[in-house]
Each structure stands twice: as C-alpha cells, then as structure tokens.
Amino acid sequence: MKTMSDGIKNRESIGTIMADTKVSRPSQEEAEEAVRVLLRWIGEDPGRAGLGRTPTRVVSAYGDWFGGYEIDPYALLGSSFQEVRDYKRIVTLRDIDFSSHCEHHMAPIIGRIHLAYLPDKRLAGISKLVRVVEAFTKRLQVQERLTAEIAQCINDTLRAQGGCSRRRSTTPMHDDARRQQDGCQDGHERNAGGL
Ligand SMILES: [Zn+2]
C-alpha cells in the first residue's frame, strides 16, 4: 500500500484524483510562490534570512496535513477486510488521535475519536481503520461531517453497523468570537459527545 508521501510523489495517482475532483493542481513552484504571497501579506519579507526555505517546507507540510486526498478510503477498506463467520462482538477503537483542518479557515483541529462497529461477515484490521480515519481527517473538514463520513465508509464497505464520535476535539488557534463571526460554529465545539 502506498504511503502518503509516496502518494504525493506519484503524479499518476495525483492526476487521477484531480480528474475526479475536477480541479487543476498547481505546480510545486506555484504553490511555493503562493506561500511567498501570504508571507508578504502578513508583513514579512520572504527574502529575509530564516525564511528562505519556508515556502518549500510549508508546501511539504501541506502534503502531509492534507494527505487524505491521496487515499481512497472506500477502496482501501473494501479490499482489505477478512471474511469471518458468527462474529458477534462489537469492534471498538478508542482514543484515536487525529489532526485535521476546518474548511472555513483552514485552522487546525486536534482531538481524538472513537469508532465502533458490529461486523456482519467482514472484519477489518486496526491499521486499516486508522488509515481510513487519516483519509478523512487529513482533508479540509467540518467535524460533524468527519464522523459521519467515517461511519458511512465503515458501514458501506464492511456492511456493518457502526458509528464514530469525537472526544476532546478543539481548534486551538480559533477563538469563539472569530468562529461565531465567520459562521464556523459547526466546526469547533469542545468536548463533543462520545460513544
Ligand atoms: Zn473554522
């Protein structure tokens, strides 16, 4: 299975994803130039000592933070389950650390989620479930949609009955006034309910 960094380097894979989403992907140079524009916008001098490699580092970091776009969670989970018979126990994964970004401000969201499902005949490995969580968290997100999408993917691919919930998720760079002003109230509540 390819890793996230492999995915970023794989132009064919990127081409497929971009074709699906119908947006053209800028070059590495264009992305780095966009970072220089933002540096100037905040009042910085992109040419000063200390910022020389910052655009390259930022673009590289974005490749990691948003690596979920490189993963097809349905294909991943739908092709990696184990067939089981008479499995009557609920599978639970608790306290999976995640980091994501709100789609309204691209502000970081950090937290933990729990997921649980009752398998019918399909059982997935823990590492695959964690990878599915990454596929959905390492994108621009809205927290309610995040948990719904993970649960939907598990239920559809494993033909299971499952759910997913957030615990202690927060957006540390995001004050309440900004969130209300900008209509981001669905993204950042603290101490969301758990399973
Ligand atoms: Zn936000």
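The values are calculated or read from the model by the stated rules, or taken from the named source; none is laboratory data. Source: prediction; values computed, not measured. For neighbour counting, all protein chains shown are included, and Cβ atoms are generated from backbone atoms with ideal geometry for every residue, glycine included.
Quick notes on this one:
- Taking the criterion of being closer than 17 Å to residue 106 by Cβ and either hydrophobic (A, V, I, L, M, F, W, C) or modelled with pLDDT under 95 (or both), the residues of segment 27-60 that qualify are 31, 34, 35, 37, 38, 39, 41, 42, 58, 59.
- Flag for residue 161 being within 15 Å of the ligand (Cβ to nearest atom) and either modelled with pLDDT of 90 or more or assigned by TED's automatic domain parsing to the domain that holds residue 100 (or both): no
- Which listed residue, of 126, 110, 71, is at pLDDT 90 or above, at negative phi and surrounded by 18 or more Cβ atoms within 10 Å (Cβ to Cβ): 71
- Only residues that are outside any helix (DSSP H, G or I) and without any contact (Cβ under 8 Å) to a residue 40 or more places away in the chain were counted across segment 56-82, and they come to 1.
- When 191, 155 are checked against the criterion of being farther than 20 Å from residue 106 by Cβ and modelled with pLDDT under 80, 191 stands alone in meeting it.
- Residue within segment 91-107 that is more than 14 Å from the chain's Cα centre (by Cα), in contact (Cβ under 8 Å) with a residue 40 or more places away in the chain, within 16 Å of the ligand (Cβ to nearest atom) and not in a strand (DSSP E or B) present: yes
- Among residues of segment 137-163, those that are under 29 Å from residue 63 (Cβ atoms), in contact with a Gly (Cβ under 6 Å, 6 or more places away or on another chain) and of a type outside the set (Gly, Ala, Ser), counted: 6
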